[in-house]
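Enquirer: Below: one structure in structure tokens.
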Amino acid sequence: MSLDPYASPNFAQSPVASSGPAVDSEAIRMLQLTRPWVRFCSVIGFIGTGFLILGGLAMLVGGAIAGASTRTSAVPFPGFNIVFGLVYLVMAALYVFPSIKLWSYGSAITRLMMSGSSMDLVQALNLQRSFWKFVGIMVCVIMVIYALAIVVAIFGVMATRTSHL
């Protein structure tokens, strides 16, 4: 091994710096075809989140105004607007996360289209996995809430019937 000061430097490439092997162009094309729909669903999610926030704030303001007035209103119980305004804001918080995850997934597909590297493919698929995991957990939570609501409704009906006997 000679020390030639005029030789070009020889750098060993680390595996971390490598972008990995190239991804099959057909796989990239398939993901590329889904990207507009991913972006569309993400934007619709952001718009829906915005409407939920606006609706929640409107209900909170309406509830505060109705609570301050002495007139009777058509709501079933005092504080109805405030409760449902808060429910809308919680729903908005839940809706924004899948939209962010979808947007990130769409961005990862764009990076994959530019680079064609397997690392970008892995990142895109990981973001997709993260989205579906969140959606799956949300579905499970909603199913539990529905089951609890049904049980509460059944006991409510039974309590109402026994009190009228």
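Enquirer: Only one of 138, 119, 114 is within 15 Å of residue 28 (Cα to Cα) and touching a residue at least 40 places away in the same chain (Cβ under 8 Å). Can you tell me which?
Expert: 119
Enquirer: Which of the following residues is assigned to a helix (DSSP H, G or I), exposed (fewer than 10 other Cβ atoms within 10 Å of the Cβ) and either at positive phi or not polar (S, T, N, Q) (or both): 161, 129?
Expert: On the way: 129 fails: exposed (fewer than 10 other Cβ atoms within 10 Å of the Cβ).
From the options 161, 129, the qualifying one is 161.
Enquirer: So the check is Cβ under 7 Å with 6+ separation or different chains; which pairs have a first residue in the range 40-68 that's among the hydroxyl-bearing types (Ser, Thr, Tyr) and a second one that's surrounded by 15 or more Cβ atoms within 10 Å (Cβ to Cβ)?
Expert: Going by the 7 Å Cβ cut-off, the qualifying pairs are 42/99; 42/102; 42/103; 42/106; 49/92; 49/95; 49/96; 49/99.
Enquirer: When the range 86-133 is examined, which residues are found to be more than 29 Å from residue 63 (Cα to Cα), aromatic (Phe, Trp, Tyr) and modelled with pLDDT under 95?
Expert: The answer is none; no residue qualifies.
The values are calculated or read from the model by the stated rules, or taken from the named source; none is laboratory data. Worth saying up front: this structure is predicted, and the values here are computed from it rather than measured. Don't worry about glycine lacking a Cβ; one is built from the backbone with ideal geometry, like all the others, and counts go over all protein chains shown.
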